[in-house]
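See structure below.
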Amino acid sequence: MIQVANLVKRFGDATVLDGIDLAIDQGEIIVVIGPSGTGKSTLLRCLNFLERPDAGHLTLGDLDVDVTRATRADILAARRRTAFVFQNYALFANKTALENIAEGLIVVNRWPRAKAHARAREILQRIGLADKADAYPASLSGGQQQRVGIGRAMAAQAEVILFDEPTSSLDPEWVEEVLALMKQLAAERQTMLVVTHEMGFARDVADRVVFMEGGRIVEQGPPSRLFNAPRDPRTRDFLRKVLAAQPAIQSS
Amino acid sequence: MSILDLDYMVGLVPILLRYLPLTLAMAAAGMALALVLACGLAVIRVLRIPGLNGVTLLFISFFRGTPLLVQLFLFYYGLPQVLAFLTRIDGITATIMGLTLHFAAYMAESIRAAIVGVDRSQTEAALSIGMTNGQLMRRIVLPQATRVAVPTLMNYFIDMIKATSLAFTLGVTELMGATQKEAAGSFLYFEAFITVAVFYWVIVELLAWCQRRLETRLNEAYRR
Ligand SMILES: Nc1ncnc2c1ncn2[C@@H]1O[C@H](COP(=O)(O)OP(=O)(O)O)[C@@H](O)[C@H]1O
Ligand SMILES: [Mg+2]
């Protein structure tokens, strides 16, 4: 169970997150949509303290903190309970696919190397890259790199995996394999909070879609309801624009 | 009469070989100390540690902005006059000191650039999985920065080996000083200096060869 209450983040004078309240159940798949510059990335980054929020309360499993009072230990604890998948993959360039996945287990969880590598091999199998264990990121395609990025997040066994536009940097040919892997995780009921412009993914996979604009959650609901009968004019406006650009998933 | 006195040159080789260790030792000591100092200065610059950052900038500016020979004379002849406890400083110490400070100033900037050059998103990825700053530095940033910095640092090492020849102006009998003495005795200046030139040349080429091998190894992870 993850709970965010009244989360606020400012950059200088700009209030980028203006009191976000969000609760995520175990095994729930939430997709966050909204125009760019709305604070979606900032929300995810605040959840694992890549940005320090200015106010709010965060509950992550047994961790329960007022974000303004979070100590170093709280921050590390929050990071261990959340895993992040980056838009640009952000793999460790000096480490192989296997090592990228095993790194956190060795360094953060202090597993013995052999055990961490065995787990990493299992994960490589699940993400369909068993044959790329010893490949360095530079020799992998964008789709393969992002799958390793997801594998690294899977290894963390976090309460929730945070995806920040995981397919936005990919050439179109690699998007499908990454979405397929995410669907596989969703089918295993991995708790996920996904920022994406892939409306088809949102419609097919999300339990709940959250529409954000201007640092606030404007409305949220099951995809069928939100896509077919948006209540807020801003949601309607946004959906009209993106669905015009992605006609394939227009409501039937 | 031949143009070059080859026998003289061949005879000079074993004499000069006796002074080679001193030249290499000064360069090695200077390089080791300069590396340590440069890493410290680079970290101060990267973290912008208040106070120290300004001092570091001034240090770097001075030691890059003045000739090495001037710095060596300053340490050897100048310092003992103002610092009473240094009644005298020997030429070898002054040389190592000068090489250390001079090259540390240059090396600090290339180490800093290498650290800053590591893709910032990898830093965030490391933090996001719960690494501490120290783990992030040791396991992700420094290994990649090393690969970027090594070619430049090797070039500075090569420069430093050649710069040890300035020690002869402080009365140190190293490779250059020894050659100077031999030449003064034999009047065969051309033969003497071409011989010592070949000495430096061979050392530098050997190092350049090591440098290429090292770079190939360091780059293995990044080949597409
Ligand atoms: N580190 C930062 N410093 C200053 N402004 C930032 C920073 N990060 C994001 N912003 C601003 O915050 C707003 C929200 O950004 P972001 O969360 O990236 O939006 P989204 O992911 O929805 O496109 C934008 O206006 C952006 O310019
Ligand atoms: Mg974003």
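The values are calculated or read from the model by the stated rules, or taken from the named source; none is laboratory data. The structure displayed is predicted, hence computed values, not measured ones. Neighbour counts are summed over all protein chains in view; Cβ atoms, including those assigned to glycine, are modelled from backbone coordinates with ideal geometry.
Which of the helices (runs of 4 or more DSSP H) contained wholly in the stretch B:9-96 include at least 2 residues that are surrounded by 19 or more Cβ atoms within 10 Å (Cβ to Cβ)? If you could, list the steps in order and put the result at the bottom.
Numbers: elements: B:20-47, B:52-65, B:68-73, B:79-82.
So the answer is B:20-47, B:52-65, B:68-73.
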Tell me the strands (runs of 3 or more DSSP E) entirely within the stretch A:6-118 that contain at least 3 residues that are within 11 Å of ligand 1 (Cβ to nearest atom). A:14-24
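Working carefully through the options B:Gly117, B:Gly134, B:Gly130, find the one that is surrounded by 15 or more Cβ atoms within 10 Å (Cβ to Cβ) and under 30 Å from A:Thr42 (Cα atoms). It would help to see each step written out before you state the result.
On the way: B:Gly117 fails: surrounded by 15 or more Cβ atoms within 10 Å (Cβ to Cβ); B:Gly134 fails: surrounded by 15 or more Cβ atoms within 10 Å (Cβ to Cβ).
Result: B:Gly130 is the single residue among B:Gly117, B:Gly134, B:Gly130 that is surrounded by 15 or more Cβ atoms within 10 Å (Cβ to Cβ) and under 30 Å from A:Thr42 (Cα atoms).
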Over the stretch B:152-201, the set of residues at pLDDT below 95 and among the charged types (D, E, K, R) is B:Glu174, B:Lys181, B:Glu182, B:Glu191
Starting from the stretch A:14-38, take each residue that is within 14 Å of another protein chain (Cβ to nearest Cβ) and list its partners that are away from ligand 2 (no atom under 15 Å from the Cβ) and not in a strand (DSSP E or B), counting only C-beta distances under 7 angstrom and pairs at least six apart or across chains. none
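State the number of residues belonging to the stretch A:129-140 that are away from chain B (no Cβ under 11 Å) and in a loop (DSSP other than H, G, I, E, B). Full working, then the answer.
So in the stretch A:129-140, the residues away from chain B (no Cβ under 11 Å) come out as A:129-133.
Right, trim to in a loop (DSSP other than H, G, I, E, B) and you get A:129, A:133.
Total meeting the criteria: 2.
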Neighbours by Cβ (under 9 Å, 6+ apart or cross-chain): first from the stretch B:89-117, more than 15 Å from B:Ile44 (Cα to Cα); second surrounded by fewer than 20 Cβ atoms within 10 Å (Cβ to Cβ) and charged (D, E, K, R): B:His102/B:Arg64; B:Phe103/B:Asp159
Is there a residue being more than 16 Å from ligand 2 (Cβ to nearest atom), surrounded by 15 or more Cβ atoms within 10 Å (Cβ to Cβ), under 19 Å from the mean Cα position of the chain (by Cα) and not in a helix (DSSP H, G or I) anywhere in the stretch A:121-128? yes
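I want to confirm something. Restricting to the stretch B:127-143 and keeping residues that are out of contact with any Gly (no Cβ under 8 Å at 6 or more places or on another chain) and within 7 Å of another protein chain (Cβ to nearest Cβ), which single residue is nearest to A:Gln87 (Cα to Cα)? Can you show your working first?
Let us first name the residues in the stretch B:127-143 that are out of contact with any Gly (no Cβ under 8 Å at 6 or more places or on another chain), namely B:127-128, B:132-143.
Now drop any that are not within 7 Å of another protein chain (Cβ to nearest Cβ), which leaves B:127-128, B:135, B:139-140, B:143.
Numbers: B:Leu127: 16, B:Ser128: 14, B:Gln135: 23, B:Arg139: 22, B:Ile140: 19, B:Pro143: 24 Å.
If we take residues in the stretch B:127-143 being out of contact with any Gly (no Cβ under 8 Å at 6 or more places or on another chain) and within 7 Å of another protein chain (Cβ to nearest Cβ), then B:Ser128 is nearest to A:Gln87 (Cα to Cα).
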Can you tell me which condition A:Leu162 does not meet? The list is (1) outside any loop (DSSP other than H, G, I, E, B); (2) more than 12 Å from chain B (Cβ to nearest Cβ); (3) within 16 Å of ligand 1 (Cβ to nearest atom), and all the others hold. (2)
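Before we move on, is A:Val218 touching a strand residue (DSSP E or B) at 6+ places or on another chain (Cβ under 7 Å) and closer than 24 Å to A:Gly149 by Cβ? Quick ask: steps written out before the conclusion?
Details: touching a strand residue (DSSP E or B) at 6+ places or on another chain (Cβ under 7 Å): yes; closer than 24 Å to A:Gly149 by Cβ: no.
No.
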